[in-house]
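First the structure, in the form of C-alpha cells, and then the observations on it.
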Amino acid sequence: MPRLIRFFVKTAFAWLVVALALKALALSPWGASIPAITPISWHALFVGWLTQLIFGIAHWMLPTIPGAPKDRLRGDERIMGGVYGLLNVGLLLRMVAEPMVIAQPGAGLWQGLLIASAWLQWLAAMLFVFNSWRRVRPAVQRGKRG
C-alpha cells in the first residue's frame, strides 16, 4: 500500500478513536459542560473517519489512468497530499472553532474560522473529485473500450 494511502487510512483510524472518545465524553457528566461536543463528535466520525477512509481507499482502488507515467497512474499525488492536508486542517479547525462559536455567540473570529474550516473541507473534496474523475471509466473488454 503506497505511503500516502497509509496516511489516509491511519489518520482515519485516529479520527475514529477521537470520535468515539468524544461520544463517550458526551454521555458522561462532564460532557454537558462542553459546548458543541455532539456536533463535533459526529463531524469527526463522518468526515474524519468515514470520508477520510473512503478517500484513501478509493485513491488506492480506483482503476489507474491508462498510458500515464508510472508516477501518475493514480493522478497527481501532490493534489492528494493537498486533499489530505486540507481535510485534516479543516477538521482540526472545526474541532476548535465550533465549540467557541457556541460558547461565545457573535464572536466574529471564531465564526470566521468555522466558515474557513468548512471551505477547507469542501476544497479537499473538490480536489479529490478532480484528481479521481478520469479514473472512473468503463471497463476495457477484449481490447475494446466500451
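Here the extension length gained between ALA58 and LEU73 equals 4.1 nm, from 0.36 nm per residue of separation less the Cα-Cα distance.
In the chain, helices alone account for a calculated mean residue ellipticity at 222 nm of -22000 deg cm²/dmol, with every DSSP H run of four or more residues adding -39,500 (n - 2.57).
Between the helical axis of 108-132 and the longest alpha-carbon principal axis of the chain there is an angle of about 20 degrees. The orientation-averaged projected area of the convex hull spanned by the Cα atoms of the chain comes to 10.3 nm². Helix 52-61 versus the longest principal axis of the chain: what angle, 0 to 90°, nearest 10, using Cα atoms? Long axis of 52-61 versus the principal axis of the chain: about 10 degrees. Computed from Cα positions, the angle between helix 3-27 and the longest principal axis of the chain comes to roughly 30 degrees.
Annotation for the range 1-48 versus the range 117-131: alpha-carbon center distance of 19 Å. Residue-wise HN-Hα couplings along the range 30-45, as the Karplus relation 6.51 cos²θ - 1.76 cosθ + 1.60 with θ = phi - 60° gives them from phi, are 7, x, 5, 8, 9, x, 6, 5, 5, x, 6, 5, 5, 5, 4, 6 Hz; Gly and Pro carry x. In percent, rounded to a whole number, the relative contact order of the chain is 25, using alpha-carbon pairs under 8 Å and six or more apart.
FYI, it's all coordinate maths here, none of it is from the lab. Note that the structure is predicted; figures quoted are calculated from it, not measured.
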